[in-house]
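S.K.: Have a look at the structure that comes next, please.
No value in this document is a laboratory result; all are computed from the given coordinates. Predicted model only: the values in this text are computed from it and were never measured. Because the Cβ atoms are built from the backbone with ideal geometry, glycine has one as well, and the counts that use them run over all protein chains shown.
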Amino acid sequence: MAEYALITGASSGLGKEFAWIHAQNGHNLVLVARRESLLNDLASDIKTKYKVDILVLSFDLSRPNSPQEIFEKVTSAGINVNYLINNAGFGIGNSFLNSDLESNSNMVEVNIQALIKLTHLFGQSMIKNRTGRVLLVGSVASFMPGPYMATYFASKNFVLAFGQALQEEWKNTGVTITTLCPGPTETDFFEAAGMASSKISKLMPLPSAQKVANYGYKAMIKGKTTAIYGFANQLQAFFSRITPTFILVKAVAWITQKSS
């Protein structure tokens, strides 16, 4: 039976690179994102190079019913998902009370709720079939509190804890769950988050989305629980565990604040 990878947030950045990587490895694709035109362009480009089947699904994951509707579309198409890439997510760069409440709520829906729902819906068949790979896209932000991006950092903290817990629950089932934790990456994240002028986007050269996605894919195939991209990010994650919180939170605030 042909293997399928379902990738959320597939229209750009890491999601787009994950699509190319899976196609290169002979996996058929279910591409999910809001921007249907970009998904169709990506599907067309991939098909010119690889002989894979591609199902394009335009969904806004901030809508609570979207995961269930995606599951129903995939199931009705007779597709069995072997790889679930929970990549969709976004951030907001501002102090909590100066950021829009609806946008914060939508962030929780996309970064946490949609991830939970899709993992539950597709994880059941994976466990039943005793085979499958799930990749959650967390962040180096998963390891610390984040003033001026409070909801985003907290949501990524959830992703890491959720993934680590499920990896333990699913041991000996044939299904693995890997949490990829990249640092700042060369995508449109900072522009979309309104963080282009922050120190965090300028402290070091940003790795390409392709390099980070390749690292995440290989870690998922190996069944690693947590995959932190880059030595600097690994150091940052390590020191975040041993640094007193009152110091850590001030350091993060310094790098997330926008330059004046």
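S.K.: Would you please give the FRET efficiency between Q24 and D60, computed as 1/(1 + (r/R0)^6) with r the Cβ-Cβ distance and R0 = 35 Å, to the nearest 0.05?
M.R.: So, using R0 = 35 Å, E works out to roughly 0.80.
S.K.: Once you have all Cα-Cα distances for the stretch 4-256, histogram them in 10 Å bins from zero and send the whole-percent values.
M.R.: In order of increasing distance, the bins hold 7, 32, 38, 19, 4, 0 percent.
S.K.: Cα to Cα, under 20 Å, and not fewer than 8 places away if on the same chain: which aspartates and glutamates meet these conditions relative to K47?
M.R.: Filter leaves E3, E17, E36.
S.K.: Something else about it: Can you give the % of DSSP beta bridges in the stretch 1-86 that are antiparallel, to the nearest 5?
M.R.: If I count the DSSP bridges inside the stretch 1-86, around 0 percent turn out antiparallel.
S.K.: I would also like to ask the following. For the chain, what proportion of DSSP beta bridges, expressed in % and rounded to the nearest 5, is antiparallel?
M.R.: The antiparallel proportion sits near 5 percent.
S.K.: Membrane-span-like helices in the chain: DSSP H runs reaching 18 Å or more (Cα, own axis), mean Kyte hydropathy at least 0.0?
M.R.: Span-like helices in the chain: 114-129, 150-169.
S.K.: Amide H to amide H, which residues 5 or more places from Y148 or on other chains are under 5 Å from it, using H placed in the peptide plane?
M.R.: The list, which skips near neighbours in sequence, is F96.
S.K.: Over 23 Å between Cα atoms: which of K51/K156; K16/K156; K16/K250 fall into that group?
M.R.: The pairs that break the limit, which is 23 Å between Cα atoms, are K51/K156; K16/K250.
S.K.: 222 nm [θ] for the chain, helices only, -39500 (n - 2.57) per DSSP H run of 4+, per residue, to 500?
M.R.: Theoretical 222 nm ellipticity from helices: -15000 deg cm²/dmol.
S.K.: Counting other Cβ atoms within 10 Å, which trypsin sites (Lys or Arg not before Pro) in the stretch 36-132 have at most 16 and lie in a DSSP loop?
M.R.: Taking the stretch 36-132 and a limit of 16 other Cβ atoms within 10 Å, the loop trypsin sites (Lys or Arg not before Pro) found are K51, R130.
S.K.: Long-range amide H contacts for T178: which residues qualify at under 5 Å (H placed 1.01 Å from N, peptide plane, sequence gap of 5 or more or a different chain)?
M.R.: Result for T178 returns V134, L135, L136.
S.K.: In addition: Return the lysines within reach of K128: Cα separation strictly under 23 angstrom, same-chain partners fewer than 8 residues apart disregarded; answer none if there are no such residues.
M.R.: Partners within reach: K73, K117, K171, K222, K224.
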